[in-house]
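A short reminder: the numbers here are calculations on the coordinates, not readings from a lab. Model, not experiment: these values are computed from the prediction. Note that we place each Cβ from the backbone using ideal geometry, even for glycine, and neighbour counts take in every protein chain shown.
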């Protein structure tokens with residue numbers, strides 16, 4: 001590889017020689033180099049100036065341009081030690097957070113969060129409302145049959161009171177659940 | 001488009017983005033509101049329930065104006081996609097909340113949805129609905145030991161006062 005590079009360099013210098021000789025011969029020589037070269041009809045090679053001219057671009061031993069970017073990319077300099085790794089992995093933000101808002105539901109004893117309804121109790125209520133809604137569906141018959149009166153739900157053995165006069169009565173064939181109040 | 005820091009951070013922005021855009025958002029909320037008026041208790045995500053709450057209460061305010069009012073009828077017919085609910089709104093829901101000025105709805109948070117998304121869920125209901133209450137009323141049990149002892153103590157005190165008076 002080194003021989004090739006030096007060979008190429010020598011080829012370049014010899015080409016430059018030939019060019020300058022031709023220019024001198026034809027008389028269209030231009031002053032490429034600084035002032036101390038005198039314009040004469042000498043055929044002596046101007047070796048020093050040419051060398052100066054040519055070596056400057058060859059100084060840094062790299063091809064210019066597009067490959068410059070690769071050497072700038074980020075890479076870790078050293079292996080991270082286990083202590084550094086541990087402090088990062090076990091930092092406060094990465095540990096599991098403790099929840100202090102969990103408590104047992106007073107009705108059923110299942111665990112619930114303080115600001116959220118108990119899942120078990122809600123499932124109970126959902127089941128009962130679903131059966132009430134099924135009965136309403138049967139009463140209404142088809143779709144889009146919502147009446148323009150209030151609805152009241154009565155369980156076994158209950159009679160409509162004075163307030164339930166103009167309301168639609170849904171009768172559920174079971175005992176009133178303890179959690180359904182009045 | 002200027003890629004500003006303001007666009008990345010939404011600190012302090014109050015407007016929620018639902019669906020595909022503002023029109024889509026209104027359509028989604030309208031469907032949820034129709035369901036709420038029909039069933040009086042619905043279960044959705046927390047964000048949607050919070051958004052619908054405002055519209056549900058405003059709809060009741062419009063309904064209180066009466067069904068002869070032009071604006072109220074237009075609002076009701078726009079917001080309720082199922083037209084059998086319009087008489088229900090004016091004749092059932094508006095009289096129910098006659099004495100109240102605000103606070104017709106109640107939102108309660110539920111445990112997160114069981115799906116992969118674990119979304120925050122909420123129950124949105126009109127107060128005064130015929131269904132069983134979500135927060136059961138606590139009843140004092142007369143037959144517990146402490147209550148029986150207190151009852152006896154009260155009776156003794158009353159007896160002593162009677163004897164003192166007479």
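Worth a mention:
- Averaging 1/r over every pair of different alpha carbons in the protein assembly as shown and inverting the result gives a Kirkwood radius of 30.0 Å.
- Average partner coverage of B:40-51, which counts Cβ from other chains inside 10 Å: 1
- Calculated [θ] (222 nm, deg cm²/dmol) that DSSP helices of n ≥ 4 give over the protein assembly as shown, each run adding -39,500 (n - 2.57): -13500 deg cm²/dmol
- Estimated FRET transfer efficiency (residue B:96, residue A:89; beta-carbon r; R0 56 Å; 0.05): 0.45
- Average other protein chain Cβ within 10 Å of Cβ, residues B:66-76: 0
- The mean number of Cβ atoms from other chains found within 10 Å of a Cβ in peptide B:85-97 is 2, as a whole number.
- Sites residue B:143 and residue A:133 - FRET efficiency at Förster radius 35 Å, r taken between beta-carbons, to 0.05: 0.50
- Residues considered: B:75, B:14, B:121. Largest GNM mean-square fluctuation over chain B, using C-alpha springs under 10 Å, is found at B:14.
- Average Cα contact separation per residue, the range B:13-166, under 8 Å, 6 or more apart, as relative contact order %: 24 percent
- The overall shape of the range A:133-182 is oblate: from the C-alpha gyration tensor, with semi-axes ordered a ≥ b ≥ c, the ratio a/c is 1.5 or greater and a/b is no larger than b/c.
- Protection-proxy order for peptides B:6-13, A:81-88, each taking the mean of Cβ atoms within 10 Å per residue, highest first: A:81-88, B:6-13
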